[in-house]
Amino acid sequence: MFKRVDRRTAAATWALSFLVAAQAVAGEAVCGKPPNTAGNNIRYVSYFLSKPQDAAQCSMKVVDGRVVVQQPTSNPAMSCPDMFSWKLFAEAVKDEFWKKWSADQQTWPGESCPDGDPKCQPPLPMCAPGRSGANCCDPDAKNNPGYNDPRNPAKFCPFFPGDHLAQFPSGMPERIGSVPSKAHTVSFAADPLLRARLVDETPGRKIRQSMAEIVFRNKPMFDYVFRNNLYHQEGVIEVFRRNADNIAKGRTSGAPYRIANETGAITEIDFPANAVMIKSDWLSKERALQMGLKDDPEYPYIKMNITSAVTDNNGTILEPGEHWLVAAHFSSKDIPNWVWTTFEHVHNPGRCDYTGCNDSYGYRSPDTVQKGQATNYTSPHLMCDNLPLPSWVFDPGKKYDGGVTSPGLADVFRALSIGARDNGTLVPRFTDRAWLSYRLKGSQVNFNDSMGRPTNLGNSVTEGGFVTTSSCMTCHARAGSSAKGTLPPALGVFVNGLTDSGYLPGAQGLPIPDWFHRSGQPPTLNVLQTDFVWGFLTANCLTPTCQPPMAAAAPAVETQVAKPRLPSSARERSERR
């Protein structure tokens, strides 16, 4: 027996069926199958991110062991930022930065001692000109106080390892992995299943919350900090005072004239043009394997023995162990606002997610492009969401092919012997074949592009969870000191806002003048820029009276192998507010 159906119900059912069928047809039209990308709005946004960074004439080669930029390029940092990024990479690797360069705790030595703990070891003051001794630090001395301690030679004074490699049995100092920030969680996702999904979709965030961070600085940068008495909070505060006094009254007539920025009595922090810093991210072997990372024979990791937290980066028990290099930021003062560039291991999951990867020099994109199209841009993975009204959406957390190396980069690496052979030790070498496993994510040399759009640069690991709002240049422009020093931070890394992951967004675009000077006549100095360097957050005090109260709350560090100072990262200190 057939059941009687109401006409209105039948009509509604027919209409719904028609709508579903129409939506299915529309879904095919909107999503389609590759290479049909009709309705893919993401590609139009990505178009503005895919512009090649380098001029067509950019080239470099190795001459007598040095990387030389070829004519007609006269300013490669601006005209060829991607090529220049690879130049920085090659030169730093050849110099074996992990052995020779100073880490944060060696650039800003000692401990802050707010409670007068007799066991605490604050940094020593700068020696008077022409004098040295057991109670001061001399930039020209080869044996400052504490230098003879092989475990922690930067007890009291800045220490550059490259000048003292012979004193280390392994040929390099013990490297201590600092604590990346854990201030942000996916707190807006109250549902545990949703939190788990967000972590799965942004594996770089999971790596970020589990890694050890080491920031390296080359000799010119180290010397500038040491010789200008900037290795402690009082030194930075003194520069703030001179700058504030200069704009108000100056030594003679005051504004508009500036006091000369002389070594030892600077009025603003301005690093030399050959200063370079590298923020490197290392994941312990155990954690890497737990996260599904594999030491692929084709693309091995750079491996190093690093002392870091045993169970959790906020823990207090430190032990040495094998760590894998997953990512690194390289920054150079070749332009006044620095050159910003970032590299990742080719197998980092989600390496080119959301913003894509842009490399005009080193590696050809693995994407299939049509004849006549540029090959610098690797597009983020996309998928159709297959909803009744379908759309193209991001497909995050997957791996990206490495592409084919350019002849120019291959020639540079070959001439410098970078990546020439395997290395079976936990002390990296510049010849380690694993250096060939890293890819340029992108470079940044301007706050905005020529059309006024804010530029972005973010690493899927270092900025895991907020890569779409990351601007290295804008973030570091906010690094500064108040009249009380760098702690608490005068300006934070993040700004108020929301992101899908629960992280706060980063600052983007041009800095705002009111961040630094209060309007008025004369304009009052609020924040003295520390020349785009957050590392000053790790500076300690010479005396307890200078000690910022926030740092006093930091937990003491215990270790099963030694008692080196565990440096907190710049981002962690800026967020602990």
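If you model the range 312-431 as an ellipsoid using its alpha carbon gyration tensor, with each semi-axis the square root of five times an eigenvalue, the axes come out at 31, 24, 16 Å, biggest first.
Between A273 and M78, the modelled labels are 1.2 nm apart [label points 7 Å from Cα along Cα→Cβ].
Evaluating kT/(6 pi eta Rh) at 4 °C and 1.567 mPa s, with the Kirkwood radius of the range 254-341 over Cα pairs in the Stokes-Einstein relation, gives 77 µm² s⁻¹.
What shape does the range 367-432 have by the C-alpha gyration tensor, where a ≥ b ≥ c are the square roots of the eigenvalues, rounded means a/c under 1.5, and otherwise prolate means a/b greater than b/c and oblate the rest? It comes out oblate by the Cα gyration axes. Counting every C-alpha pair in the range 307-382, the share spaced more than 19 angstrom apart comes to 58%. For a modelled paramagnetic label at A166, 7 Å from Cα along Cα-to-Cβ, the residues of the range 86-107 in reach, with backbone nitrogen under 18 Å, are 100.
Counting 0.36 nm for each residue step from T545 to A248 and taking away their Cα separation leaves a gain of 104.3 nm. Find how much the distance from K399 to M383 grows on full extension, using 0.36 nm per residue of separation minus their present alpha carbon separation; answer in nm with one decimal. Between K399 and M383, full extension yields an extra 4.3 nm.
With 25 Å as the limit on Cα-Cα distance, the pairs of K279/K333; K99/K206; K100/K294; K206/K399; K99/K155; K51/K100 that go past it are K99/K206; K100/K294; K51/K100. Inter-label distance, N148 to E319: 3.3 nm, where each label sits 7 Å from its Cα along the C-beta direction. Computing FRET efficiency as 1/(1 + (r/R0)^6) for Y257 and V45, where r is the C-beta to C-beta distance and R0 is 41 Å, gives about 0.30. In plain terms, the residue of F160, F394, F222, F84 with the fewest other Cβ atoms within 10 Å comes first and the most crowded comes last, giving F394, F160, F222, F84. With R₀ fixed at 30 Å, the C-beta to C-beta distance from D95 to V310 puts the FRET efficiency at about 0.45. In this simple spin-label approximation, K294 and S450 carry label points 7 Å from Cα along the Cα→Cβ vector, and these lie 4.5 nm apart. Looking at the square roots a ≥ b ≥ c of the eigenvalues of the Cα gyration tensor of the range 100-163, which shape do they give, rounded for a/c under 1.5, prolate if a/b is larger than b/c, or oblate? Oblate, since a/c reaches 1.5 and b/c is not below a/b.
Sites listed here are trypsin sites (Lys or Arg not before Pro) in the range 78-175 whose DSSP assignment is loop and whose Cβ has at most 10 other Cβ atoms within 10 Å: K119, R131, K142. Once the convex hull of all Cα atoms in the range 457-497 is built, its volume per residue stands at 76 Å³.
Based on Cα contacts under 8 Å between residues 6+ apart, the range 445-514 shows a relative contact order of 34 percent.
May I ask you to list the lysines whose Cα is less than 25 Å away from that of K249, ignoring any residue fewer than eight positions away on the same chain? Answer for K249, where 25 Å is the Cα cut-off: K484, listed by chain and number. With only Cα atoms counted, the range 407-541 has Rg and Dmax values of 19.8, 64 Å.
Straight-distance candidates among the aspartates and glutamates for linking to K303, with alpha-carbon spacing under 18 Å and chain neighbours fewer than 8 residues away dropped: D95, E96, E174, E213, D281, E286, D295, E319, E322, E344, D422, D432. Using Cα-Cα distances under 8 Å and only pairs 6 or more residues apart, what relative contact order does the range 406-498 have, in percent? Reported as a whole number, the value is 14 percent. Its relative contact order, with pairs defined as Cα atoms under 8 Å and 6+ residues apart, puts the range 360-435 at 25 percent.
Rule-based calculations on the coordinates, nothing more; no lab input. A quick note: this is a predicted structure, and the numbers were derived from the prediction, not measured. We place every Cβ from the backbone using ideal geometry, glycine too, and count neighbours over all the protein chains shown.
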